[in-house]
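The values are calculated or read from the model by the stated rules, or taken from the named source; none is laboratory data. Remember, it's a predicted structure, so these values are computed and weren't measured experimentally. Here the Cβ is made from the backbone with ideal geometry for all residues, glycine too, and neighbour counts use every protein chain on show.
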Amino acid sequence: DRSIKIAPSILSADFANFGAEIEAIEAQGADWVHIDVMDGHFVPNLTFGPPAVAAFRKHVKTVMDVHLMIAPVDPYIDAFAKAGADIITAHVEAGPHIHRTLQAIRGAGCKAGVALNPGTPAEAIYPLMDLIDMVCVMTVNPGFGGQKFIHSCVEKVADIRNKIGDRPIHIEIDGGVDPTTAPLVAAAGADVLVAGSAVFKGGTVNTPDVYGANIQAI
Ligand code: DX5
Ligand code: ZN
């Protein structure tokens, strides 16, 4: 079903060749590029910050979908907006003022996303419907690629799709998406699928056609 967008996550890419990896996945059919920013505080891993994201921007021709797994979020919104993020997604669990954070993301000129961890109920984002362009439903506990899909999150996707109604809000699924789990979340109402290990597995930047085959298989 090609109405579904695929957003490969560069967390599973070669950390010594981000520019070439980004160009490879976009040439092979990626609709968006998912950038996982981790601070070693909100999640138990550490990736990259605004300077790296600004460098990635030079290679991204599609959509730069920046997933902030950081707390606090507000002090960094302007830096990621200036780095060229098209979408900035903040976690509802990252602090007490998600409503203000989402206003600040739009105020910085970016589309606003809100992410929910597997333990957070769908209702947590119901007050935010007028502030967001996307809901990111985590189907793994954030911090790492290659983890197992948490099936109990699928029901949450359907609930959110129902709540969204005809509002122009994307539902993005993040974590453990592969050819087996993708149909489950697509059927539940998701329209953007993040995939890291399922896209990059078995290939290298010198064999980009493997990435293309992996993307088509999802
Ligand atoms: C996890 C990240 C995900 C992850 C997805 O904290 O937010 O985007 O990179 O990787 P896979 O698709 O391998 O689960
Ligand atoms: Zn992510």
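Check whether at least one residue in region 130-152 is away from ligand 1 (no atom under 15 Å from the Cβ) and outside any loop (DSSP other than H, G, I, E, B), and report yes or no.
Within region 130-152 (the criterion being away from ligand 1 (no atom under 15 Å from the Cβ) and outside any loop (DSSP other than H, G, I, E, B)), the answer is yes, since at least one residue qualifies.
Applying the selection to region 107-127, what residues are surrounded by 15 or more Cβ atoms within 10 Å (Cβ to Cβ) and over 14 Å from the mean Cα position of the chain (by Cα)?
Hits for region 107-127 are A108, C110, P118, T120, A122, I125.
What residue, of A79, A27, A85, is over 21 Å from A182 (Cα atoms), within 16 Å of ligand 2 (Cβ to nearest atom) and in contact with a helix residue (DSSP H, G or I) (Cβ under 8 Å, 6 or more places away or on another chain)?
Criteria check complete, one pass: A85.
With within 12 Å of ligand 1 (Cβ to nearest atom), modelled with pLDDT of 95 or more, in contact with a helix residue (DSSP H, G or I) (Cβ under 9 Å, 6 or more places away or on another chain) and not polar (S, T, N, Q) as the only criterion, which of F48, F42 stands out?
Going through F48, F42 in turn, just one is within 12 Å of ligand 1 (Cβ to nearest atom), modelled with pLDDT of 95 or more, in contact with a helix residue (DSSP H, G or I) (Cβ under 9 Å, 6 or more places away or on another chain) and not polar (S, T, N, Q): F42.
Can you tell me which residue is farthest from P208 (Cα to Cα) among those in region 1-51 that are among the aliphatic types (A, V, I, L, M) and over 17 Å from the mean Cα position of the chain (by Cα)?
A16
Every residue in region 165-207 that is surrounded by fewer than 15 Cβ atoms within 10 Å (Cβ to Cβ) and closer than 18 Å to A115 by Cβ, please.
Once the filter is applied, which keeps residues that are surrounded by fewer than 15 Cβ atoms within 10 Å (Cβ to Cβ) and closer than 18 Å to A115 by Cβ, region 165-207 yields only R167.
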